[in-house]
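Report on one structure; see the data block that follows.
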Amino acid sequence: MNPTSGILLFAHGARDPAWAQPFEAVATQLRQQLPADRVALAFLEFMSPGIVEGGAQLVQAGCQRVTVVPLFLGAGGHVRKDLPVLMTQLRANHPDVAWTLAPAVGESPLLVQAMADIAWQAGQPKP
């Protein structure tokens, strides 16, 4: 039997609820590709759920392997310092689950190309 996998999307969070809309859209699109209970969106601060709660949701759904995907443009202090501490907490809370940390999405050549394409289109004359 293959272990059930989940994806935990991890974003910064903000006081303004509208800030989360793009991240919720990412989670919605991912849920169209995976069973809905195998995708969770969590935040570092200001918004709920936090990463510990988001991870627990996936474990409760039966996930035995979870990949944490930081929805950050770069690997700044939150990704390099805060996230490893949170990953340790997830592993301690759920030692039977295999937790994997993916690189920040901003480091992906796919996202870099998408941003370059958007910038190029924005700079084109409008008819």
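The values are calculated or read from the model by the stated rules, or taken from the named source; none is laboratory data. In this text, all values refer to a predicted model and were calculated from it rather than measured experimentally. For neighbour counting, all protein chains shown are included, and Cβ atoms are generated from backbone atoms with ideal geometry for every residue, glycine included. Side chains are part of the model used for accessible areas, which takes the heavy atoms of the whole protein and leaves out ligands, DNA and RNA. Shrake-Rupley method; radii C 1.70, N 1.55, O 1.52, S 1.80 Å.
Observations on the structure shown:
- Qualifying residue in segment 54-65 (condition: in contact (Cβ under 8 Å) with a residue 60 or more places away in the chain and not in a loop (DSSP other than H, G, I, E, B)): yes
- Of all residues in segment 61-92 being in contact with a helix residue (DSSP H, G or I) (Cβ under 9 Å, 6 or more places away or on another chain) and farther than 22 Å from Val26 by Cβ, the one that is surrounded by the most Cβ atoms within 10 Å (Cβ to Cβ): Gln89
- Among (1) open to solvent by less than 80 Å² (accessible area, probe 1.4 Å); (2) at pLDDT 95 or above - the single one Gln113 does not satisfy: (1)
- Of all the residues in segment 68-89, those that are within 14 Å of Phe43 (Cα to Cα) and not β-branched (Val, Ile, Thr) number 8.
- Selection of first residues in segment 99-125 that are part of a strand (DSSP E or B) and of second residues that are open to solvent by 60 Å² or more (accessible area, probe 1.4 Å), restricted to Cβ pairs under 9 Å at least 6 apart or on distinct chains, gives the following pairs, ordered by first then second residue: Trp99/Arg65; Trp99/Arg91; Thr100/Arg65.
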